[in-house]
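Here's the structure, in structure tokens; my notes come after.
Any read-out appearing in this document is the output of simple, stated calculations on the displayed coordinates, not a laboratory observation. Model, not experiment: these values are computed from the prediction. Using ideal geometry, Cβ is built from the backbone for each residue, glycine included, and neighbour counts are taken over all protein chains shown.
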Amino acid sequence: MDPVIIVGAGPVGLALSLALAAQSVPSVVLDEGPGKEEPRPARSVVLRADMAAMVERLGCTTLRDEGVRWVGWRGMRRRQVVRHLALDLGLGGTEEWSEDPAAPATPAAPLHIPQHALARGLRDAIARQKLIRLVTDARLDTVEQDRDGVVAHTRGPAGTWWRGSHLVGCDGARSTVRKLLGIRFPGRTAVERHAVAALRTELPWPGEALLHRQPPWRGAADEITARPLPDGVWRIDWLLPPRGDLVTPDALIARIRETLAGWCEGTTPPYELIDTGVHTLHHRLARRWRVDRVLLAGDAAHLLGAVGTQGLDEGFRDVDNLAWKLAHTWHHGGSDRLLDSYQSERRAAVAHRLRAADQSLPVLRGGGGLRTYLPGATRGHDALLTDGHVGRGPLGAPPAYPHSPLAPPYTGGRTPVGTPEGAPVEDVRVTAPDGTTVRLRDRLGQGRFLVLLIAPGTGVWDRRHWRGAGVMPRLDEAVRALPAKAEVLVTEAYPGAPAHAVLLVRPDGHLVAAFAGVHPAELYAAADAARGGTTEATAPTGPAAGRKRPGPGRALEAGSGVGSDTGSGVGSDTGSAVGPAVGTTTGSTIGSDTGADSRSVVGPDTGTDSGADSGADRRSSTGSDTGSAVGPDRASDSGSAVGPSSASDTGSAVGPNSVSGSGSESGSGVGAESGPAVGSAVEVSTGSDRTADIH
């Protein structure tokens with residue numbers, strides 16, 4: 001069978017290829033660049049504990065070698081410490097829990113790592129994989145699909161046609177895949193701007209991250225964040241005014257000296273400046289994430305990052321959600337419901353995160369007004385920001401999918417446990433089929449469901465005595481009969497679960513259902529629902545349907561006649577724009593979200609919303625903008641004291657049924673999206689598509 005084509009070799013695309021390889025699915029990764037990452041310490045990423053664990057499972061060793069887990073979180077306002085949290089340096093697993101459900105849990109420590117080190121670790125892991133082919137200097141310009149697969153054409157030293165079973169666009173904020181499909185990308189531009197510096201120095205709170213609001217010294221930013229990196233390096237971010245002046249090198253040096261002196265009792269300590277930049281955050285959400293056999297992930301599908309939200313962390317959650325569904329479809333076939341659930345679950349979760357951020361911004365950044373004088377208002381603001389940064393609450397907690405189309409109907413044998421259905425399970429210690437004791441999280445990502453039995457006392461008895469006793473034989477028989485591959489794990493206790501409860505867990509670690517004992521018929525029905533139900537044939541799509549397939553996993557000969565009528569896999573978009581089409585800084589990216597049909601979740605469009613980015617949109621559509629003292633909203637990732645941005649977007653009109661070109665986005669289509677519109681506005685992206693958020 002043909003491999004999966006992954007467009008884009010940023011962290012999300014690399015991680016997806018490794019996640020598929022772990023489930024015996026081959027892939028071809030098309031990298032438009034030379035395959036090297038420029039070291040940029042000022043461009044770093046923050047991963048929640050569960051996503052850091054997922055990336056480590058994929059074989060990325062640089063997380064341990066070049067990443068740092070914060071030992072604590074410190075919040076300051078003016079000169080006062082208003083919040084101080086100790087963080088769990090484990091992986092957020094449940095070793096012990098309180099019987100009191102209201103008792104606060106210690107947050108798991110996020111992991112902070114330079115993005116280039118993360119990407120290098122993923123590339124090293126790919127080099128050890130035989131199922132992944134990484135192709136450099138390959139820029140996509142055409143996508144077609146038919147009943148059996150996808151055809152893509154890349155430009156480069158030798159233009160090539162590629163054949164795959166599916167194609168996933170992980171090609172960043174300026175996604176060529178998204179533009180070729182004619183999918184709109186509404187949202188807000190330049191939600192926040194930060195000056196960024198990476199420097200080596202000593203601060204009074206080693207190993208802890210700091211959020212300092214309203215510092216007392218003159219000329220300070222309203223908010224400063226300091227986060228540790230290895231070898232005594234700190235990344236410091238200064239929140240900038242929405243429409244401020246250029247950040248010149250001299251101005252940045254002055255900020256550094258004033259900030260260090262303010263934190264170190266009036267004296268600037270010795271420091272080594274390593275890297276600088278300006279980080280501009282945008283909030284956007286693609287209208288659709290799946291068009292038949294073509295899907296979007298990462299920055300190609302969403303942009304976020306304000307008030308502590310983490311764009312790359314969400315991109316890795318896309319990978320975690322999509323990989324097992326794509327692998328199941330690749331190996332066994334799958335109903336449309338299974339791949340549709342990727343969009344339903346992940347788009348709704350990101351929409352919820354964006355809405356929470358957009359609703360928080362006017363409160364946190366507006367300043368003044370009556371709310372400033374309300375009792376406890378500032379304490380609430382501090383708590384909200386803390387939750388966003390450490391991974392709690394609506395801004396940071398791992399998402400749950402309670403309204404997933406894969407959720408099974410309720411049956412009488414179910415029992416409530418401490419984890420709601422659709423939420424990630426706790427990382428308890430379990431006994432694996434081979435008798436070893438491991439963390440539950442270690443068994444995820446292998447394409448199989450987990451059936452977890454709560455059996456008190458199994459930890460003190462020899463496995464030979466209980467493996468064939470009690471409910472185990474019946475449970476083993478029920479698991480062997482399931483419609484999807486699964487393995488049985490045993491644990492002594494689980495939060496809120498009674499003895500002999502049975503939990504069914506998806507391959508990505510989300511709870512499907514919990515049963516009070518062994519109920520084979522109900523367990524079967526729940527597993528069948530979670531895998532998408534009965535396999536349904538996929539109808540041919542697009543004018544390329546019926547085209548003769550090339551050999552599996554092989555590139556097509558250039559000039560083989562494939563190249564007309566491309567991009568016609570986009571059907572009509574049944575979603576409607578929800579929320580006002582406003583472009584104010586206090587507008588919402590997301591209107592209203594029903595949860596069930598995430599395609600109807602569309603927010604205000606900062607522009608004409610006509611299928612092509614408006615001038616404001618084109619100005620800065622990348623997920624992050626860094627450089628050496630770069631000015632506001634520039635799409636380039638490098639430069640020194642650069643002025644207001646104007647990324648060049650040029651091109652010519654595109655006629656009907658043709659979307660080949662350099663990532664062109666055409667369209668005058670207002671309302672329904674029925675393939676590429678006859679070009680009234682064409683945008684050719686000349687910037688790098690492998691942009692990932694800096695956090």
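Keeping to the stretch 228-277, report how many residues are among the charged types (D, E, K, R) and not in a helix (DSSP H, G or I). Can you show your working first?
Pass one, the stretch 228-277, residues among the charged types (D, E, K, R): 231, 235, 237, 243, 245, 250, 255, 257-258, 265, 272, 275.
So of that shortlist, the ones also not in a helix (DSSP H, G or I) come out as 231, 235, 237, 243, 245, 265, 272, 275.
The total comes to 8.
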Checklist entry - How many residues does the stretch 211-220 hold that are within 13 Å of LEU260 (Cα to Cα) and crowded, with 16+ Cβ neighbours inside 10 Å? => result 3
Checklist entry - Do we have VAL177 as under 30 Å from THR280 (Cβ atoms) and either of a type in the set (Phe, Trp, Tyr) or not in a loop (DSSP other than H, G, I, E, B) (or both) here? => result yes
Checklist entry - Would you say GLU32 is in contact (Cβ under 8 Å) with a residue 60 or more places away in the chain and of a type in the set (Asp, Glu)? => result yes
Next on the checklist: Going residue by residue through the stretch 303-316, is there one that turns out to be over 18 Å from ILE5 (Cα atoms), assigned to a strand (DSSP E or B) and not β-branched (Val, Ile, Thr)?
Outcome noted: yes
Next on the checklist: Could you tell me how many of the residues in the stretch 138-155 are touching an Asp or Glu at 6+ places or on another chain (Cβ under 7 Å) and part of a loop (DSSP other than H, G, I, E, B)?
Outcome noted: 2
Next on the checklist: Within the stretch 308-354, take every residue that is among the charged types (D, E, K, R) and surrounded by fewer than 22 Cβ atoms within 10 Å (Cβ to Cβ) and give me the one that is nearest to LEU18 (Cα to Cα).
Outcome noted: ASP340
Next on the checklist: If I filter the stretch 53-74 for residues that are in contact (Cβ under 8 Å) with a residue 24 or more places away in the chain, more than 30 Å from PRO157 (Cβ to Cβ), over 22 Å from the mean Cα position of the chain (by Cα) and crowded, with 20+ Cβ neighbours inside 10 Å, do I get at least one hit?
Outcome noted: yes
